[in-house]
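Peer 1: Below are the structure tokens for one structure; questions will follow.
Here, each number is a calculation from the coordinates, and none is a lab measurement. Keep in mind that this is a model prediction, so the values were computed, not measured. Glycine gets a Cβ as well: all are built from the backbone with ideal geometry, and neighbour counts include every protein chain shown.
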Amino acid sequence: MIIKIKVCGVQDIKTAHHALECGADAIGFNFCKESPRSISPAKAKSIISELQGKIRTVGLFNTQEVSYIHSVVNETLVDIIQLNDPQYPEFSSLFSGPVVKAVRTKDASKLKTMVDYHVHYDVLEKDPHTFSWHYSIEASKFGMIILSGGITPDNITKAIDQVKPYGIDLSEIIENAEGKIDNNLINEIIKTIRKHTM
């Protein structure tokens, strides 16, 4: 089973290169202005231009301002758009490229709405304090799942075995106590995933 791995919250070229060297399939740039992981479109553009064609790039947004998203995508040339807010289903069709839709819910009955968004993949974000794979497994019936949130070094292999996700989105799991990306953790977690899925 080959699992796609995305390193989220990249803010500098050193981290981007390290993610690539460790075998990540994609790197994510957070364009949510209020987030501590946010990056300016100009800085993201410089990183993306240096790695063009070597790794997939994802732009994370939590706005319904279509013009802003188009502007950032056109400037940075990110490959994939990730939408985090609960936009209406037709929202994703306003963009020509691949779209990832984040789904945050503990209500299995609402997971059926995933199919309404017509996105390429869905992200199911979990609450690490009340973690259960039940909703992830249910969600996999309605779309290709990229697990994000609630993943720890101790449970990541169990998550892979039970959910069988299309991909893993690495964010909090690769951060140190100060909330900064730790390149050693990137290496450690990616090695764990690759070894477990070979």
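Peer 1: Hey, rough spin-label estimate for residue 66 and residue 35, points 7 angstrom out along Cα→Cβ, what's it come to in nanometres?
Peer 2: 2.3
Peer 1: Moving to a separate point now. Of 54/141; 14/158; 33/101; 6/158; 33/195, which pairs sit farther than 26 Å apart, going by alpha carbon to alpha carbon?
Peer 2: As for pairs spanning more than 26 Å Cα to Cα, those are 54/141; 14/158; 33/195.
Peer 1: May I pose another question? Using a 10 Å cut-off around each Cβ, can you sort 15, 157 from fewest to most neighbouring Cβ atoms?
Peer 2: Working: 15 20, 157 14.
Ascending Cβ contact count within 10 Å gives the list 157, 15.
Peer 1: Counting only other residues whose beta carbon sits under 15 Å from that of residue 193, what net charge do I get with K and R as +1, D and E as -1?
Peer 2: Charge balance near residue 193 sits at +2.
Peer 1: Where the centre of each part is set by its Cα atoms, how far does region 155-188 sit from region 15-87, in angstrom?
Peer 2: First find each Cα centre; the distance between them is then 19 Å.
Peer 1: I need the trypsin sites (Lys or Arg not before Pro) found in region 147-191, filtered to DSSP loop residues with at most 15 other beta carbons within 10 Å of theirs.
Peer 2: Answer by residue number: 180.
Peer 1: If packing is taken as the average count of other Cβ atoms within 10 Å, what order do 69-78, 25-34 fall into, highest mean first? Before the final figure, lay out the partial values.
Peer 2: Working: 69-78: 17.2, 25-34: 20.1.
The densest-packed peptide leads the list: 25-34, 69-78.
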